[in-house]
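The values are calculated or read from the model by the stated rules, or taken from the named source; none is laboratory data. These figures come from a predicted structure and were not determined experimentally. With ideal geometry, Cβ positions are generated from the backbone for all residues, glycine too; neighbour counts draw on all protein chains shown. To get the accessible areas, we keep the full protein, side chains included, count just its heavy atoms, and leave off ligands, DNA and RNA. Shrake-Rupley method; radii C 1.70, N 1.55, O 1.52, S 1.80 Å.
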Amino acid sequence: MSESPTDVLREEHELVLMVVAAMEREVTSIETTDHVNADRVANMIDFTRNFTDGCHHAKEEKLLFPLLEQRDPAAGGPVSVMLSEHDAGREAVRAIVGALPDVEADAAARRTVAENLGLYAQLLRLHINKEYNVLFPLADRLLGELDRRRLAAEFERVEEEETGAGVHERYHAMAHALTES
Ligand SMILES: [Fe+2]
């Protein structure tokens with residue numbers, strides 16, 4: 001039997017949480033040294049935009065959430081909370097991207113980077129917990145075997161066609177590198 005779609009998302013969360021932990025360490029480091037490791041933060045942003053958003057959130061927003069709402073309109077409530085949290089995350093990322101070029105010269109830019117890394121990390125931890133406690137149990141309840149098989153196949157299609165071959169491996173390696181450095 002193919003892997004269930006929520007298991008695929010759970011495995012991706014493991015990588016996302018590795019980068020979230022790296023963000024939390026970066027916040028502590030910025031606070032203690034008043035220095036931003038701009039290359040590391042740029043990698044975190046690259047991961048967040050292309051893997052967390054481009055691969056993982058795309059599967060949720062384009063495939064899982066609409067299917068849940070189709071199966072039960074009451075799923076619209078939790079889904080809209082998830083969507084607004086994805087948006088809040090994107091906003092924090094935009095703030096980091098905007099401040100990053102100025103971190104050498106500008107203390108306010110260093111603060112903006114630290115604050116938004118912390119905000120993003122906190123948001124994502126709460127968000128992933130909500131998915132585990134509310135959304136995935138809902139998906140497991142609402143989706144039948146056929147739905148699950150179709151969704152798993154669609155996830156693979158997103159991965160191949162939209163995310164691109166080799167991308168998963170690249171970000172897998174990056175999450176590990178950010179954890180070890
Ligand atoms: Fe997720």
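Observations
- Summed residue charge, Cβ within 10 Å of ALA22's Cβ, Lys/Arg positive, Asp/Glu negative: -1
- Against the compact-protein benchmark of 2.2 N^0.38 Å, the Cα-based radius of gyration of region 70-181 scales to 1.37.
- Divide the volume of the convex hull around the Cα atoms of region 102-149 by the residue count and you get 82 Å³ per residue.
- Within the accessible area of region 38-96 (1.4 Å probe), percent carbon and sulfur: 50 percent
- Relative contact order, whole percent, for the chain stands at 41, derived from Cα pairs under 8 Å and 6 or more residues apart.
- Surface analysis of region 99-181 yields an accessible area of 56 Å² per residue, using protein heavy atoms and a 1.4 Å probe.
- In degrees, nearest ten, helix 38-47 long axis to first principal axis of the chain (Cα): 10 degrees
- Protein accessible area in region 140-181, 1.4 Å probe - carbon and sulfur %: 51 percent
- For region 1-138, dividing the convex hull volume of the Cα atoms by the residue count gives 97 Å³ per residue.
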